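What follows draws every value from the coordinates through simple rules; no lab data is involved. From a predicted model like this one, the values you see are computed outputs, not experimental measurements. Here Cβ is always computed from backbone atoms with ideal geometry, including for glycine, and neighbour counts include all displayed protein chains.
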Amino acid sequence: MKHIRYAVLTVAVAAALTLSGCTDSATQSSDGPSVAKSADFPAGSTMAKLHDAGEITIGTKFDQPLFGLKGTGDPEGFDVEIGKLIAAKLGIPASGITWKETVSANREPFIENGTVDLVVATYTINDERKKVISFAGPYFMAGQSILVKADDDSITSSDDLKGKPVCSVTGSTPAQKLAEIGAVPKLTDEYTNCLEPLRSGQVVAVSTDNVILAGLSAQNEGEFKIVGKPFTQEPYGIGVKKDDADFRNFINDVLEDSYKDGSYKKAWQDTAGKELPYVDPPAVDRY
């Protein structure tokens, strides 16, 4: 297969890194992981196009503490750092990333119509979504749980949600699960919009992935608590276009490299790890 060599000028020279399938030198970005200085990618591939452009658009959440939360600057969180790791292996520094807010309902459309190049946004892999897009990963295993007011002892498990109003987000797998277990889903576009209805008693709980709830609880210390054990498994993946197997495999290579070289663990410790214990990542699924 014909290859084209791409080069990216960077600020300072760091130690040599080994990429899957090729050897690179790299430089350390001032606000992100080591950035590949040069790499071989198949001509015409998504990787080559992004590398050549020196920029990438990544969809992520803007309202989820620990994973993707935007203040006055760029979003911050574990998903954001995973996005930076992928960009860096393409030779793109953090300054070359455009962050696009993606809520649960627009993740697939944004991938399909090219609004974003990939989505890393607490994005559960499931068969229904795989009909229209593809996933790299999983890179994290979450589980659906329940957030209630700190003084509420009436709800201790998913069984206690039956027939009761529970807030979640449109287009999310937790919202579907709530309907399945007999709760009355009250849906909004962002999880932070669930907190005021919970405070006022319009809903009895908020239900989504445990790591998202942990972030909301940490941001509102003393107001809420997480109850019960997780009652689903939510494998988080990175969404790309349906037929772009080369890009999906490249991202899987990046993930596996990050598990080995410690950059994944560092990304966790710098973000979600400030509130949650580190757990070894699941094996990627090269379906």
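Stretched out fully, how many nm does the piece from Gln176 to Thr72 gain, at 0.36 nm a residue minus the Cα gap?
34.2 nm
Just going by the charge dipole of the chain, with Lys and Arg at +1 and Asp and Glu at -1 on Cβ, which of Phe135, Pro165, Ser258 is farthest out on the positive end?
Going by the charge dipole, the pick is Phe135.
Between Ala150 and Gln219, 0.36 nm times their residue separation minus their Cα-Cα distance comes to what?
Answer, rounded to one decimal: 23.5 nm.
Can you give the Rg/Rh ratio of segment 22-180, where Rg is from the C-alpha atoms and Rh is the Kirkwood radius? Before the final figure, lay out the partial values.
Values: Rg = 18.6 Å, Rh = 17.7 Å.
Computed over Cα atoms, the ratio is 1.05.
Using Cβ counts within 10 Å as a stand-in for footprinting exposure, how do Asp74, Asp63 rank, fewest first?
Going from sparsest to densest Cβ surroundings: Asp74, Asp63.
Please state, rounded to one decimal and in Å, the Kirkwood hydrodynamic radius that segment 144-227 gives when every pair of distinct Cα atoms enters the mean of 1/r. Walk me through the intermediate numbers first.
Numbers: mean 1/r = 0.0818 Å⁻¹.
Value: 12.2 Å, from the Cα pair sum.
Which of Lys61/Lys164; Lys89/Lys260; Lys37/Lys242 have a Cα-Cα distance over 19 Å?
Result: Lys61/Lys164; Lys37/Lys242 exceed 19 Å.
For segment 126-180, run through the trypsin sites (Lys or Arg not before Pro) and keep only the ones in DSSP coil with at most 13 other Cβ atoms within 10 Å of their Cβ. Display every interim value, and only then the final one.
Working: sites: Arg129, Lys130, Lys131, Lys149, Lys162, Lys177; in loops: Lys162.
Those satisfying the criteria are Lys162.
For labels at Val132 and Ser157 in the simple 7 Å Cα→Cβ model, what's the distance in nm?
For Val132 paired with Ser157, the spin-label model returns 3.5 nm.
Calculate how many DSSP beta bridges within the chain are antiparallel, expressed in % of all such bridges and rounded to the nearest 5.
Antiparallel bridges: around 70 percent, rounded to the nearest 5.
Would you kindly state the longest site-free stretch of the chain, with sites defined as GluC sites (Glu not before Pro) in a DSSP loop (not H, G, I, E, B) surrounded by at most 16 other Cβ atoms within 10 Å?
No qualifying site falls inside 56-127, the longest such stretch.
Taking every pair of alpha-carbon atoms in segment 186-287, give the share separated by more than 15 Å as a whole percent. Don't skip to the answer; put the middle values down first.
On the way: 3725 of 5151 pairs.
Tail of the P(r) past 15 Å holds 72 percent of the pairs.
Take the Cα pairs of the chain, get the Kirkwood Rh, then feed it into Stokes-Einstein at 37 °C and 0.692 mPa s and tell me D in µm²/s.
This corresponds to a translational diffusion coefficient of 168 µm²/s.
For the chain, what is the mean residue ellipticity at 222 nm derived from helices alone (per DSSP H run of n ≥ 4: -39500 (n - 2.57); sum divided by total residues; nearest 500 deg cm²/dmol)?
So the helix-based figure for the chain works out to -7500 deg cm²/dmol.
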